[in-house]
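*Asks:* Attaching a single structure in structure tokens format; questions to follow.
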Amino acid sequence: MAKFKLIISDPATGKSTASEIEGSRAQALIGRALGEIIDGSALGLGGNRMLISGGCDKNGIPMRQDVHGGVKKHIVLSSGPGFRSTRHGERKRKLVRGRTITDETYQINFTLTKAQAEEAKRPPEVKPVSAAKPMAEKTPEKPKAKKALKKPGKKGK
């Protein structure tokens, strides 16, 4: 049976929470890919909509969006998840995992998106209609004095 550690981050508050799921709730994630938006109620995490933003396996090998499937592959990296360069322009062959969630996945990272429930509860803002306000006249600005440009010096003489 699948067992996952979930890291759910909320960009509005800047905080993240960790939880674990297993059994049938964890099976709902198998086959999903990075970048998909899922409903949190399927995982028992409320009615929030969440974006699958990353993850890794038991050995700490990160998942990458640009590798298809759930396999491990050696690819040449110059930036992004799974690679930290030590000098400018460096490239290296590194081991990464594909973007599909499998049984070998250990940790899955989520980012909360705006919940539809919150939008439905919030009443629409209504601006009161008022009499037209007279526009304040702008005072004419004084033109600024231009700085004198320096002439380049003569070279070689």
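*Asks:* Let me confirm something: among Leu95, Leu45, which residue is among the hydrophobic types (A, V, I, L, M, F, W, C) and part of a strand (DSSP E or B)? Before you say what the answer is, go through the steps one by one.
*Replies:* On the way: Leu45 fails: part of a strand (DSSP E or B).
Answer to the check: Leu95.
*Asks:* Is one or more of the residues making up region 30-42 surrounded by fewer than 17 Cβ atoms within 10 Å (Cβ to Cβ), closer than 19 Å to Asp57 by Cα and of a type in the set (S, T, N, Q)?
*Replies:* no
*Asks:* Would you check if Gly82 is modelled with pLDDT of 60 or more and surrounded by 10 or more Cβ atoms within 10 Å (Cβ to Cβ)?
*Replies:* Criteria met by Gly82.
*Asks:* On to the next question. Scan Ile75, Ile52, Ile108, Ile61 and give me the residue that is modelled with pLDDT of 85 or more and over 24 Å from Ala2 (Cβ atoms).
*Replies:* Ile75
*Asks:* When you look at Glu20, is it free of Cβ contacts under 8 Å to residues at least 40 places away in the same chain, among the acidic types (Asp, Glu), loosely packed, with under 15 Cβ neighbours inside 10 Å and part of a strand (DSSP E or B), yes or no?
*Replies:* On the way: free of Cβ contacts under 8 Å to residues at least 40 places away in the same chain: yes; among the acidic types (Asp, Glu): yes; loosely packed, with under 15 Cβ neighbours inside 10 Å: yes; part of a strand (DSSP E or B): yes.
Yes: the conditions hold for Glu20.
The values are calculated or read from the model by the stated rules, or taken from the named source; none is laboratory data. Note that the structure is a prediction, hence the values are computed from the model and not measured. We place every Cβ from the backbone using ideal geometry, glycine too, and count neighbours over all the protein chains shown.
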